[in-house]
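Right, one structure below, let's go through it.
The values are calculated or read from the model by the stated rules, or taken from the named source; none is laboratory data. This one's a predicted model, so the numbers in the text were calculated from it and none came from an experiment. Counting neighbours? That spans all protein chains shown, and the Cβs are built from the backbone with ideal geometry, glycine included. With ligands, DNA and RNA removed, areas are computed over all heavy atoms of the protein, side chains included. Shrake-Rupley method; radii C 1.70, N 1.55, O 1.52, S 1.80 Å.
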Amino acid sequence: MSKLDHDSAPPPPRYRAAEFLTSAGKLSQCPPDDGWEVAFAGRSNSGKSSAINSLTNNRKLAKTSRTPGRTQLINFFRLSDCQRLVDLPGYGFARVPQAVKREWTRNLENYLRRRQCLRGLVLLMDVRHPLQPFDNQMLNWALASEMPVHILLTKADKLNRGPANAVLHQVEAAVGPHRDLVSVQLFSALKQTGIEELIAVLDRWLTDVPAIAGD
Ligand SMILES: Nc1nc2c(ncn2[C@@H]2O[C@H](COP(=O)(O)OP(=O)(O)OP(=O)(O)O)[C@@H](O)[C@H]2O)c(=O)[nH]1
Ligand SMILES: [Mg+2]
């Protein structure tokens, strides 16, 4: 896509119109690198597929599973001709063979490094186990490449309000120095809470027209 195509923003995305587009095992299998894309990343079992299903109000869209490591491919969901959601393979599941793990990591890194249309990363963490080593690795990568990150503290229904808010404040404090790039919220796919807050962030990213040097 030429720079001129970015001059006007697309309309607000219609999440409920989301459709499965394609799965990619590697970068070369991804859809054309144009328009606006937001990716959901996080440890295996953190609730990525469930969050996408809540957001799109479609329980069958992204496959969810009690068995970690269910989503092994990069899955693309189309919102419009120029806007997509991406369900990234979960990370950090011990029972997957080392060679397979290395391959996932390579594909994930390639996607994150090279995908020009990526406008932001939703980073999901189980509210009971926030900021694990992989989460910090993803955060550091995003900060280094100035990629905006929105942290979803998932499965908030597993904690009472007080303890859940305590985790929220703890994570907010940890990312505080990077407030310009990183935001945090509580989320529950089970109770359908936090969806409006998530949509507000995604609407912004999926319609953002980057300033073009020289304009
Ligand atoms: N209680 C509760 N369980 C949830 C919530 N979100 C997801 N789960 C459960 O957590 C498990 C994993 O959810 P998935 O959405 O498949 O997780 P994922 O991050 O896509 O996992 P991978 O595809 O393996 O990377 C499933 O059993 C879900 O039902 C939530 O908000 N509350
Ligand atoms: Mg999944």
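Sequence-distant contacts, meaning Cα pairs under 8 Å at least 6 residues apart, place the relative contact order of the chain at 24 percent. Excluding ligands and nucleic acids, what accessible area in Å² is computed for Arg102 using a 1.4 Å probe, to the nearest 10? Roughly 150 Å² of Arg102 is accessible to a 1.4 Å probe. Between Val149 and Leu121, Val182, Ser183, the built amide H atoms are under 5 Å apart, and every one of these is 5 or more places off in sequence or on another chain.
Taking all protein chains together, Ser50, Ser44 sort by accessible area into Ser50, Ser44, largest first [probe 1.4 Å]. Expressed as a whole percent, the accessible area of the chain that falls on carbon and sulfur atoms is 48 (1.4 Å probe). Residue separation of Ile199 and Ala174 scaled by 0.36 nm, minus their Cα-Cα distance, works out to 6.7 nm of gained length. For the pair Leu143 and Ser23, label points projected 7 Å from Cα toward Cβ lie 3.5 nm apart.
The 1.4 Å probe gives accessible areas that order Thr22, Thr64, largest first, as Thr64, Thr22.
For the range 29-39, the Karplus equation 6.51 cos²θ - 1.76 cosθ + 1.60, evaluated at θ = phi - 60°, returns couplings of 8, 6, x, x, 7, 9, x, 10, 9, 10, 10 Hz by residue, with Gly and Pro reported as x. Rounded if a/c is under 1.5, else prolate if a/b is larger than b/c, else oblate: which is the chain, with a ≥ b ≥ c the root eigenvalues of its Cα gyration tensor? Note, shape of the chain comes out rounded.
Computed with every protein chain present, the accessible area of Val100 is close to 60 Å² [probe 1.4 Å].
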